[in-house]
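Enquirer: Here's a structure for you.
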Amino acid sequence: MPMADIDGVTLHYRWDGPEDAPVLLLSNSLGARVDMWLPQLGAFTRHFRVLRYDSRGHGQSAAPPGPYGMEQLTFDVVGLLDALEIERTHFCGLSMGGMVGQVLALRAPERLNRLALCNTAALIGPPDLWDARVAAVAAGGTAVLAAVLDRWFTPAFRQQFPDRVAPFAKMLRETNPRGYIACCRAIQDHDLRSTVAAIAVPTLVIAGTHDVATPPSEGRFLASAIPGAAYVELSVAHLSNVEAADAFTTAVLAFLNG
């Protein structure tokens, strides 16, 4: 299992695809791990050397005591790129991963070729949502997060494809509570509404029509604020890469190969 030591924190990562292809780095949602990108892996690896990783506090990565900050999560990515001797990469992040992408584009734009920000926002709130989530996980562990599936997928998708939803319920249950809570605090403290206009990396924004966590209005804000950004809206909830896997994959590949 490949691991990288980033300033004393061990991050789990995975390589897929041809070694001589351009690199595409994928960054996960809160409560997810590298497996969340399996619907894209076959198509993406036909074009790219795909790098997936578990954010600190998630999956097989270490979960040091929190709180974490979004810049800290972002510089984990920079450290991973340095450790793997990757000068530049395409980046696709969903939800928390999209927040990391925003900070990366502002703090280290020289490391990016193109940027896909998916089902994310410059600010995800309100703050009391995160206070309630933290209190629930602190009291009952990540087993209490089953309700998050109602935000990740539409009712129709959950009913029609329970086999596709089940792995994500398992991911949530198996997430380290300490790591989950620390990342909740990083999201709660993240507000780039006044600075995203400074992003100069070519950007695609993907939103979900039925996404209550990061509604289309937030995606449209990002797309209008970031100069030249493209916008795609899919008729799904929060995990658009799963619920509309083919349309998501097509949109990202068209952008990255454009």
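Nothing in this text is a laboratory measurement; each read-out follows from the coordinates by a stated rule. None of these values were measured; they are calculated from a predicted model. Neighbour counts run over all protein chains shown; Cβ positions are idealised from the backbone, glycine included.
Enquirer: Taking the condition of being surrounded by fewer than 22 Cβ atoms within 10 Å (Cβ to Cβ), among the polar types (S, T, N, Q) and either in contact (Cβ under 8 Å) with a residue 12 or more places away in the chain or outside any loop (DSSP other than H, G, I, E, B) (or both), how many residues in region 194-210 meet it?
Expert: Counting residues in region 194-210 that are surrounded by fewer than 22 Cβ atoms within 10 Å (Cβ to Cβ), among the polar types (S, T, N, Q) and either in contact (Cβ under 8 Å) with a residue 12 or more places away in the chain or outside any loop (DSSP other than H, G, I, E, B) (or both) gives 2.
Enquirer: Spot the failing condition for Glu233; the list is (1) assigned to a strand (DSSP E or B); (2) under 16 Å from Gly101 (Cα atoms); (3) not β-branched (Val, Ile, Thr), and only one is missed.
Expert: In the conditions (1) assigned to a strand (DSSP E or B); (2) under 16 Å from Gly101 (Cα atoms); (3) not β-branched (Val, Ile, Thr), Glu233 misses (2) alone.
Enquirer: In region 8-55, what count of residues is obtained for those that are farther than 14 Å from Ala83 by Cβ and part of a loop (DSSP other than H, G, I, E, B)?
Expert: 18
Enquirer: A follow-up question, please. Among the helices (runs of 4 or more DSSP H) confined wholly to region 128-193, which include 2 or more residues that are free of Cβ contacts under 8 Å to residues at least 12 places away in the same chain and either over 18 Å from Asp35 (Cβ atoms) or of a type in the set (Phe, Trp, Tyr) (or both)? Talk me through it step by step, then tell me what you get.
Expert: Numbers: elements: 149-152, 155-160, 162-174, 177-188.
Once the helices (runs of 4 or more DSSP H) in region 128-193 are filtered for at least 2 residues that are free of Cβ contacts under 8 Å to residues at least 12 places away in the same chain and either over 18 Å from Asp35 (Cβ atoms) or of a type in the set (Phe, Trp, Tyr) (or both), what remains is 155-160.
Enquirer: Please state which of the following conditions Thr249 fails to meet, knowing it meets all the rest: (1) assigned to a loop (DSSP other than H, G, I, E, B); (2) in contact (Cβ under 8 Å) with a residue 60 or more places away in the chain; (3) among the hydroxyl-bearing types (Ser, Thr, Tyr).
Expert: (1)
Enquirer: What's the number of the condition Ala213 fails, among (1) closer than 22 Å to Phe91 by Cβ; (2) crowded, with 21+ Cβ neighbours inside 10 Å; (3) not polar (S, T, N, Q)?
Expert: (2)
Enquirer: Out of the residues in region 166-193 that are among the charged types (D, E, K, R) and under 12 Å from Ala122 (Cα atoms), state the one that is surrounded by the most Cβ atoms within 10 Å (Cβ to Cβ).
Expert: As a first pass, look at region 166-193 and keep what is among the charged types (D, E, K, R): 170, 173-174, 178, 185, 189, 191, 193.
Still in the running and under 12 Å from Ala122 (Cα atoms): 189, 191, 193.
Numbers: Asp189: 15, Asp191: 13, Arg193: 13.
Here the answer is Asp189.
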